[in-house]
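Down below is the structure, laid out as structure tokens.
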Amino acid sequence: MSETQSPPDDGFTVGIIVAKRRLKGIWASHAWLPVAALPAVPAAAPWTRLSASEDEETFYAGAYEVTLHPAETSHYRDNLVSGRPSLWIALRSTGGEDYEIAAVTADPYEGEAMAEGIGEIVEAVPMPAEVQAWVAAFFDRFHVERSFHKRKRDRADPEALARQGMGTRRKEEP
């Protein structure tokens, strides 16, 4: 983020790089995998091949606008101080060999929840330094520390169970 830019109100756009890796198994010939996020959107068209080798091809999959939410600022902080700030990228099959970017998030808990789903390919990729600066600026702008208040349980009334007649049935009067 340059000094002339202000932090975003609610998000930023990233470019997504994916890889098509060759597999050696008998059930599938290759696998798609998100491998990187770019801090800006390049001039390349979506699904432009960037490199190719015998075992892997990389593509620019397209751009995705990541939306940040003020209520989730503590999650973004957890991500930034984790030692390995990440973005979670989900790819969804659109049929056959085609994929689309389903979601990108900076919230580690949302990323974990996306990974538990079936049918999408989800990977955490390193968060670029420029994006870290945007997320940190968003945190500084919107974070409100909330204290945790543990609720106290009501004391159990031992007579309440006795009044219910635990396990006994009343005889119906004729």
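The values are calculated or read from the model by the stated rules, or taken from the named source; none is laboratory data. All values derive from a computational prediction rather than experimental measurement. Please note: Cβ atoms are built from the backbone with ideal geometry, for glycine as well, and neighbour counts cover all protein chains shown.
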Report whether or not Ala63 is among the hydrophobic types (A, V, I, L, M, F, W, C) and modelled with pLDDT under 95.
no
What's the number of the only condition in (1) without any contact (Cβ under 8 Å) to a residue 24 or more places away in the chain; (2) within 22 Å of His143 (Cα to Cα) that Glu97 fails to meet?
(2)
Suppose we keep only residues that are outside any strand (DSSP E or B) and among the acidic types (Asp, Glu) within segment 70-107. Which one would you say is farthest from Trp134 (Cα to Cα)?
Glu97
Here is a check on your reading of the model: is Val18 in contact with a Phe, Trp or Tyr (Cβ under 6 Å, 6 or more places away or on another chain), closer than 18 Å to Met127 by Cα and either among the aliphatic types (A, V, I, L, M) or at pLDDT 95 or above (or both)?
yes
Among the residues of segment 83-90, are any loosely packed, with under 13 Cβ neighbours inside 10 Å and within 30 Å of Ala137 (Cβ to Cβ)?
yes
Evaluate the following for Asp107: is it surrounded by fewer than 16 Cβ atoms within 10 Å (Cβ to Cβ), in contact (Cβ under 8 Å) with a residue 12 or more places away in the chain and in contact with a Phe, Trp or Tyr (Cβ under 9 Å, 6 or more places away or on another chain)?
no
Within segment 33-57, the residues that are assigned to a strand (DSSP E or B), over 16 Å from Asp98 (Cβ atoms) and β-branched (Val, Ile, Thr) are Val35
Would you confirm whether or not segment 1-12 contains a residue that is part of a strand (DSSP E or B), closer than 30 Å to Arg146 by Cβ and at pLDDT below 95?
yes
Of the residues in segment 14-32, those that are among the charged types (D, E, K, R) and exposed (fewer than 13 other Cβ atoms within 10 Å of the Cβ) come to Lys24
Which ones in segment 108-157 are of a type in the set (Val, Ile, Thr), within 17 Å of the chain's Cα centre (by Cα) and not in a strand (DSSP E or B)?
Ile118, Val131, Val135
Within segment 25-55, of all residues that are over 24 Å from Val131 (Cβ atoms) and modelled with pLDDT of 90 or more, the one nearest to the chain's Cα centre (by Cα) is Ala31
